[in-house]
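Heads up: the structure comes next, in structure tokens.
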Amino acid sequence: MWIPSTRYLAEIATGSYAAVSKIELWNGDVFICTVPFGPGAQVTVDETRQVRRQLTCTVPSRGRPKDEWIPRPDSPTDLLNPLSGNELRPYRGLRYPDGSFEYIPLGVFGMTTPSVQDTGSTLSVSITGMDR
């Protein structure tokens, strides 16, 4: 369990703070990049599931024709392909008035089911991951 700093707790207590979040992509102990995710990303907790925490998020396209975020079934090295061994690490936190940030980790999630949405003009991939 991650324990937030005294400063973090004091800022939350004010009720007036700027919430921030980010999702990082890692392979083992190697940081790869920060993943640009769309609205609605969430970590849910269900004590009745075998794996209690689940991450769901949508990663928007960076444009056609080449889009490194969209996993191809025949390419296990693609960034968001579950066979890559890459994992997602989501964080929630605060932006302090001085511009600094503090993040709280929400888990380490292996990707299980990417689902590509193609509208004809845009692509996005929805990712589900289970906390290890």
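In the chain, the portion of solvent-accessible area held by carbon and sulfur atoms comes to 55 percent [1.4 Å probe, whole percent, DNA, RNA and ligands not counted]. Between Tyr17 and Phe101, full extension at 0.36 nm per residue minus the direct alpha carbon distance yields a gain of 29.1 nm.
Ranked by solvent-accessible area (1.4 Å probe, protein heavy atoms only, all chains present), the residues Arg89, Arg49, Arg72 order from largest to smallest as Arg72, Arg49, Arg89.
Solvent exposure of the chain, expressed per residue, is 61 Å² of accessible area, with all protein chains present and a 1.4 angstrom probe. Solvent-accessible surface of protein heavy atoms, probed at 1.4 angstrom with all chains present, puts Thr48, Thr34 in the order Thr48, Thr34, largest first. Over the chain, dividing the summed -39,500 (n - 2.57) contributions of all DSSP H runs of at least 4 residues by the number of residues returns a 222 nm mean residue ellipticity of -2000 deg cm²/dmol.
This structure gives log10 I(q)/I(0) by the Debye sum over Cα atoms at q = 0.12, 0.16, 0.22 Å⁻¹, computed directly, and of (1) -0.47, -0.82, -1.40; (2) -0.43, -0.78, -1.50; (3) -0.53, -0.87, -1.31 that value is listed as (3).
The values are calculated or read from the model by the stated rules, or taken from the named source; none is laboratory data. What you see is a predicted model; the values in this text were computed from it and never measured. All accessible areas refer to the heavy atoms of the entire protein, side chains included, with ligands and DNA or RNA removed. Shrake-Rupley method; radii C 1.70, N 1.55, O 1.52, S 1.80 Å.
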